[in-house]
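Q: There's a structure below that I have some questions on.
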Amino acid sequence: MRTFLAVSPPLDKARELFAARVELRDAWTGIRWAACEHFHITLVFLGEQDDTVIESVRNAVGPALEGCEAFDIGFVGAGCFGSSVRPKFFIEKLGEGRDGLESLNAALRPALEILIGSEQRTYRPHLTLGRSRRQGVKGPAGGKLLPSGVKTDNVDTFRAREVVLYQSILYPDGARYTPLESWPLKEAS
């Protein structure tokens, strides 16, 4: 089973973000855009694991998150991984809440390393908006991510209240995510 741990915006906030990025989607061809129902910020990618490992992950997450508090996450605009001429991923950059996401990742990694191995890459919190297909990727003239004058700093914050274990099933038209379990984050008194 292919799985990951993530924080997800509430559906109304995901829909708001999706609507606010229409200019980005209209400016590019050859991109597989994520459905707003699947927007999430990955904390730890677990990869393909058998049921025994997933059960051990479920048992490890709660204690690892003990004492972790809920926090606000703010979107600060569209960006990409890769060059703006040929992006690999379109992302929503994060401002407020990056520290909270990094803290959750840091709390989870040690508890999970014995089960899934260690991660060599630096954790870079973001929300994936879309992925480039292998062919036919084309964007605005001049090698820009967006046409001139388009602003993307127009979405409010949301409260990260829980960590969710998702199953990811790959289909030809993109992945679909099913929540398997969630753990609440503590609200400050």
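Q: Determine, yes or no, whether GLU69 is modelled with pLDDT of 95 or more and touching a strand residue (DSSP E or B) at 6+ places or on another chain (Cβ under 6 Å).
A: Yes: the conditions hold for GLU69.
Yes/no per residue for (1) assigned to a helix (DSSP H, G or I); (2) at pLDDT 95 or above; (3) more than 18 Å from the chain's Cα centre (by Cα); (4) of a type in the set (Gly, Ala, Ser):
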| position | (1), (2), (3), (4) |
| --- | --- |
| ASP99 | yes, yes, no, no |
| LEU108 | yes, yes, no, no |
| LEU115 | yes, no, yes, no |
| GLU119 | no, no, no, no |
| VAL150 | no, no, yes, no |
| ALA175 | no, no, no, yes |
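Q: Mind counting the residues in the stretch 97-126 that are in contact with a Cys (Cβ under 9 Å, 6 or more places away or on another chain), buried (at least 16 other Cβ atoms within 10 Å of the Cβ) and closer than 18 Å to GLY74 by Cα?
A: 2
Q: Please count how many residues of the stretch 65-83 are in contact (Cβ under 8 Å) with a residue 24 or more places away in the chain and over 20 Å from the mean Cα position of the chain (by Cα).
A: Adding up the residues that qualify gives 1.
Q: While we're on this one: Mind counting the residues in the stretch 102-144 that are of a type in the set (A, V, I, L, M) and free of Cβ contacts under 8 Å to residues at least 24 places away in the same chain?
A: Here the count works out to 3.
Q: Which numbered condition trips up ARG124, out of (1) in a loop (DSSP other than H, G, I, E, B); (2) of a type in the set (D, E, K, R); (3) over 16 Å from the mean Cα position of the chain (by Cα); (4) within 30 Å of GLU55 (Cβ to Cβ)?
A: So ARG124 meets the others, but not (3).
Q: Looking at this structure, is LYS88 part of a strand (DSSP E or B), modelled with pLDDT under 95, farther than 25 Å from GLU48 by Cβ and not hydroxyl-bearing (Ser, Thr, Tyr)?
A: Judged against the criteria, LYS88 is not a match.
Q: Then there is this: Got a sec? Which strands (runs of 3 or more DSSP E) wholly within the stretch 1-60 have at least 3 residues that are modelled with pLDDT under 95?
A: Answer list for the stretch 1-60: 31-33, 41-48.
Q: Considering only the stretch 127-147, how many residues are loosely packed, with under 13 Cβ neighbours inside 10 Å, at pLDDT 75 or above and part of a loop (DSSP other than H, G, I, E, B)?
A: The qualifying residues number 3.
Q: Restricted to the stretch 148-189, and to residues that are under 21 Å from GLY130 (Cβ atoms) and basic (Lys, Arg), which residue is surrounded by the most Cβ atoms within 10 Å (Cβ to Cβ)?
A: Result: ARG176.
The values are calculated or read from the model by the stated rules, or taken from the named source; none is laboratory data. Being a predicted model, the structure only gives us computed values, none of them experimental. Glycine also receives a Cβ, built like all others from the backbone with ideal geometry; neighbour counts cover every protein chain displayed.
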